[in-house]
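Scroll down for the structure; my scribbles are underneath it.
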Amino acid sequence: MFYLTKMRNAEGEFTENEQKIAGFLLANVSELKAVSSRSMAKQLDVSQSSIVKFAQKLGAKGFTELRMALIEEYSISREKKHDTALHLHSTITSEDSLEVIARKLNREKMFALEQTCSLMDFARLQAVIGAISKASLIQITGVGGSSLVGRDLSYKLMKIGYRVACEVDTHVQATVAQALQKGDVQIAISYSGSKKEIVLCAEAARQQGATVVAITSLSDSPLRRLAHYTLDTVSGETEWRSSSMSTRTAQNSVTDLLFIGMVQLNDVESLSMIERSSQLIKQLGK
């Protein structure tokens, strides 16, 4: 019984909860030895009976049989592909069709979005929005893919009138961080929370009395321990990845939520500034 193949090709036959279960199993097939139906049900916000019924729908007697079969299938598939297929990104290999690649990427990104949203502490998010709205200066730090997320957020915040410093150069980031003051906010974006450059900037910001907001994973990390506030992100990517695709998806979902929250806080003024910005940009095309 090829359960992996069945899950990948029967997506249209699954209910919403079954799609969540299938997406989780496919995204985490390499780590299923440590997964129980109870922990999985809690993480996906579904009942254990739903997981058992899903396993039976695929042809297994229950979740334990399905889990063991998936582990075995995954092991066999890795052995078969070891000599012929190149590992391109996460679970994607050089033997996958573009359709399969698209489905795998979509599952990864949907998993990241759904889990990040379900774990969001909205009271904490509201407190972060309040702190940012009162800041004289907002510094955004990040390296690699996280710096792209930070740059996008900086453009959005500047569009509604906030003073933002978002430099790609890590030396400049450190220089800005050590010049922050009480009342300023530093938004540090790092999924691992252990990047030396980002941790150094967060330490400098705290020493200056600035508020540090970390957009990071649930893992314990130096950045998480330094931050006054953490906004959690979840990614379904495995350790091997060619680019932080679903990680950026999760981070962008948080930064977009922050931005909309800021717009909502001063809705009339913010919308007016967005309109004026749009009008100015239109003049550039004339």
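Collect residues whose amide H, placed 1.01 Å from N in the peptide plane, falls under 5 Å from the amide H of ALA188; neighbours closer than 5 in sequence don't count.
THR141, VAL213, ALA214, ILE215
At 1.4 Å probe size, with every protein chain present, just tell me what the per residue accessible area of segment 102-185 comes to in Å². Please report the intermediate quantities before stating the final value.
Details: 4020 Å² over 84 residues.
That works out to 48 Å² per residue.
If Rh is defined by the Kirkwood formula over all Cα pairs and Rg also comes from Cα, what ratio Rg/Rh do you get for the chain?
Reported Rg/Rh, Kirkwood definition of Rh: 1.04.
Please report the relative contact order for the chain, taking Cα pairs under 8 Å with a sequence separation of at least 6, and give it as a percent rounded to a whole number.
RCO, the chain: 18 percent.
Would you mind computing Rg(Cα) / (2.2 N^0.38 Å) for segment 93-190, counting N as its residues?
Computed over Cα atoms of segment 93-190, the ratio equals 1.38.
From the cross-link list LYS159/LYS282; LYS20/LYS109; LYS33/LYS109; LYS6/LYS61; LYS159/LYS182; LYS6/LYS104, which pairs have alpha carbons spaced over 19 Å apart? Intermediate values should be presented prior to the final figure.
On the way: LYS159/LYS282 15 Å; LYS20/LYS109 12 Å; LYS33/LYS109 23 Å; LYS6/LYS61 16 Å; LYS159/LYS182 24 Å; LYS6/LYS104 14 Å.
As for pairs spanning more than 19 Å Cα to Cα, those are LYS33/LYS109; LYS159/LYS182.
Name the shape class, rounded, prolate or oblate, that the alpha-carbon gyration tensor gives for segment 1-68, where a ≥ b ≥ c are the square roots of its eigenvalues, rounded holds for a/c under 1.5, and otherwise prolate holds if a/b is larger than b/c and oblate otherwise.
rounded
Which of ASN106, LEU153, GLY183 sits farthest toward the positive end of the charge dipole of the chain, with +1 on the Cβ of Lys and Arg and -1 on the Cβ of Asp and Glu?
GLY183
Once segment 136-286 is represented by equal point scatterers at the alpha-carbon sites, with solvent omitted, what log10 I(q)/I(0) does the Debye formula produce at q = 0.11, 0.14 Å⁻¹?
Taking Cα atoms of segment 136-286 as identical point scatterers yields -0.43, -0.68.
Accessible area, 1.4 Å probe, largest first: how do PHE122, PHE14 sort?
Order by accessible area, largest first: PHE122, PHE14.
Counting only complete DSSP H runs, which helices of the chain cover 20 Å or more along their long axis at the Cα atoms and score a mean Kyte-Doolittle of -1.0 or above? Show your work: numbers first, answer last.
Numbers: long enough: 63-81 (26 Å, -0.59); 98-118 (30 Å, -0.23); 145-159 (22 Å, -0.19); 245-265 (30 Å, 0.48); 267-284 (26 Å, -0.14).
Helices meeting the span and hydropathy rule in the chain are 63-81, 98-118, 145-159, 245-265, 267-284.
Rounded to a whole number, what % of the accessible area of segment 126-259 do carbon and sulfur atoms account for, probe 1.4 Å?
50 percent
The values are calculated or read from the model by the stated rules, or taken from the named source; none is laboratory data. Quick caveat, the model's predicted, so the values are computed rather than measured. Neighbour counts run over all protein chains shown; Cβ positions are idealised from the backbone, glycine included. Each accessible area value is taken on the protein alone, full model and side chains, heavy atoms only, with ligands, DNA and RNA left out. Shrake-Rupley method; radii C 1.70, N 1.55, O 1.52, S 1.80 Å.
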